[in-house]
Amino acid sequence: MFYSLNHFTNLQINLSTFALLFSEMVQYSQNRVYSVPELQTKLSDLGQHVGTRIVDLLMLREKGFRREVKLLNMLLFIKGNLWKNLFGKEADKLEHANDDERTCILI
């Protein structure tokens, strides 16, 4: 049986289940590396993989098949919709870094 992506919109994951999954991901990664920088790289790669999939899923749910191509609109989507889905509330601020024009900070 196939469900649409919106069918699973209101499902909540128990915090202890998420903590167990996260702990297992860290332990799995620790057992396959020999140094702290390797572990950081491995966990960063896992986070990037999961993060891109979450962004894709939320973009599909929120905007249908319309893709956001403007940087500011995408940053505002991350500040609002994505942050709210991940952390329960929108990010407070989106601002440029003082030292680099190409760096933005979510607060």
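Tell me the trypsin sites (Lys or Arg not before Pro) within region 30-107 that lie in a loop according to DSSP and have at most 10 other beta-carbon atoms within 10 Å.
Numbers: sites: Arg32, Lys42, Arg53, Arg61, Lys63, Arg66, Arg67, Lys70, Lys79, Lys84, Lys89, Lys93, Arg102; in loops: Arg32, Arg66, Arg67, Lys70, Lys89, Lys93, Arg102.
Loop-located and lightly packed - Arg32, Arg66, Arg67, Lys70, Lys89, Lys93, Arg102.
So which GluC sites (Glu not before Pro) in region 17-107 pass both tests, a DSSP loop state and at most 11 other Cβ atoms within 10 Å of the Cβ? Mind showing how you got there, number by number?
Details: sites: Glu24, Glu38, Glu62, Glu68, Glu90, Glu95, Glu101; in loops: Glu68, Glu90, Glu101.
Counting only loop positions with at most 11 other Cβ atoms within 10 Å, the GluC sites (Glu not before Pro) in region 17-107 are Glu101.
At a temperature of 37 °C and a viscosity of 0.692 mPa s, determine how fast region 14-67 diffuses translationally according to Stokes-Einstein, using the Kirkwood radius over alpha-carbon pairs as Rh; express D in µm²/s, rounded to the nearest whole number.
Stokes-Einstein gives a translational diffusion coefficient of 254 µm²/s.
Read through the labelled values (1) 39.2, 98; (2) 17.1, 62; (3) 16.8, 52 and report the label of the one computed as Rg and Dmax of the Cα atoms in Å from the structure.
Identified label for the calculated read-out: (3).
Please turn the phi angles of region 14-26 into ³J(HN,Hα) values with the Karplus equation 6.51 cos²θ - 1.76 cosθ + 1.60 (θ = phi - 60°), one per residue in order, whole Hz, x for glycine and proline.
Result, rounded to whole Hz: 4, 4, 5, 5, 5, 4, 5, 4, 4, 4, 5, 5, 5.
With a cut-off of 8 Å between alpha carbons and a minimum separation of six or more residues, what is the relative contact order of the chain in percent? Display every interim value, and only then the final one.
Details: 51 pairs, mean separation 13.3, N = 107.
Over the chain, the number comes to 12 percent.
Through the Karplus equation 6.51 cos²θ - 1.76 cosθ + 1.60, θ set to phi - 60°, convert the phi angles of region 35-41 into ³J(HN,Hα) values in whole Hz; use x for Gly and Pro.
So the Karplus estimates, Gly and Pro as x, are 8, 5, x, 5, 5, 4, 5 Hz.
Longest exposed-loop-site-free stretch of the chain, with chymotrypsin sites (Phe, Trp or Tyr not before Pro), DSSP loop and at most 11 other Cβ within 10 Å?
66-107
Computed from the coordinates by the stated procedures, all read-outs in this text should not be read as laboratory data. If you're wondering where the values come from, they're calculated on a predicted model, not measured in any experiment. Positions of Cβ are generated from backbone atoms using ideal geometry, with glycine treated the same way; all protein chains shown enter the neighbour counts.
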